[in-house]
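See below for the structure under consideration.
The values are calculated or read from the model by the stated rules, or taken from the named source; none is laboratory data. Because the structure is predicted, anything quoted here is derived from the model rather than measured. Here the Cβ positions follow ideal geometry from the backbone for every residue, glycine too, while neighbour counts run over all protein chains shown. Note: accessible area is taken over every heavy atom of the protein model, side chains too, but ligands, DNA and RNA are not part of it. Shrake-Rupley method; radii C 1.70, N 1.55, O 1.52, S 1.80 Å.
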Amino acid sequence: MDALFALDGKPDWESVSAGAESYRGTLQRCDGMAPERVRRDGEFRRLIDGALASLAQVPKAAETRDADLLHRLLIELRSFDNLLAFRFG
């Protein structure tokens, strides 16, 4: 997440797309490694699914070179990331 967030402000659009894919892989690994009871937890699902939904919009921001949209998405992603770390480690 830190590498992706570092691109806020003056994005290198190719790096944005690559960073989003990398972070998507991290979230998917996190989801896959979580114990079943955690994966079924409503809060965990909301956070993982919300982060993945935000990541799905990053290609649109990159395609249109929309730095404002990217900024909003990165803020959302940082929030999801912080809440996941705080609540689930």
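Which of the following residues is modelled with pLDDT of 95 or more and of a type in the set (A, V, I, L, M, F, W, C): 74, 70, 4, 83?
So the residue among 74, 70, 4, 83 that is modelled with pLDDT of 95 or more and of a type in the set (A, V, I, L, M, F, W, C) is 83.
What are the pairs with Cβ atoms under 7 angstrom where one residue, in segment 34-57, is in contact (Cβ under 8 Å) with a residue 12 or more places away in the chain and the other, located anywhere, is part of a helix (DSSP H, G or I) and open to solvent by 50 Å² or more (accessible area, probe 1.4 Å)? Sequence gap at least six, or different chains.
Sorted first by the residue in segment 34-57, then by its partner, the pairs are 38/88; 43/87; 44/88; 47/83; 54/76.
Among the residues of segment 7-24, what is the count of those that are modelled with pLDDT of 85 or more and not aromatic (Phe, Trp, Tyr)?
Number satisfying all stated conditions: 10.
Testing residue 81 on (1) within 21 Å of residue 16 (Cα to Cα); (2) without any contact (Cβ under 8 Å) to a residue 12 or more places away in the chain, one condition comes back false. Which one is that?
Residue 81 satisfies all of (1) within 21 Å of residue 16 (Cα to Cα); (2) without any contact (Cβ under 8 Å) to a residue 12 or more places away in the chain except (2).
Looking at segment 39-78, which of the residues that are farther than 20 Å from residue 8 by Cα and open to solvent by less than 20 Å² (accessible area, probe 1.4 Å) is farthest from the chain's Cα centre (by Cα)?
Going through the qualifying residues, I end up with 44.
Being among the hydrophobic types (A, V, I, L, M, F, W, C) and either in contact (Cβ under 8 Å) with a residue 40 or more places away in the chain or under 18 Å from residue 62 (Cα atoms) (or both) is the filter here, so list the residues in segment 9-33 that pass it.
13, 16, 18, 20, 30
Scan segment 1-13 for residues that are more than 12 Å from the chain's Cα centre (by Cα) and part of a helix (DSSP H, G or I) and jot them down. Explain how you work it out, then say what you get.
Let us first name the residues in segment 1-13 that are more than 12 Å from the chain's Cα centre (by Cα), namely 6-13.
Answer for segment 1-13, where residues must be more than 12 Å from the chain's Cα centre (by Cα) and part of a helix (DSSP H, G or I): just 13.
Out of contact with any Asp or Glu (no Cβ under 6 Å at 6 or more places or on another chain), among the basic types (Lys, Arg) and open to solvent by 60 Å² or more (accessible area, probe 1.4 Å), is that true of residue 24?
So residue 24 fails the test.
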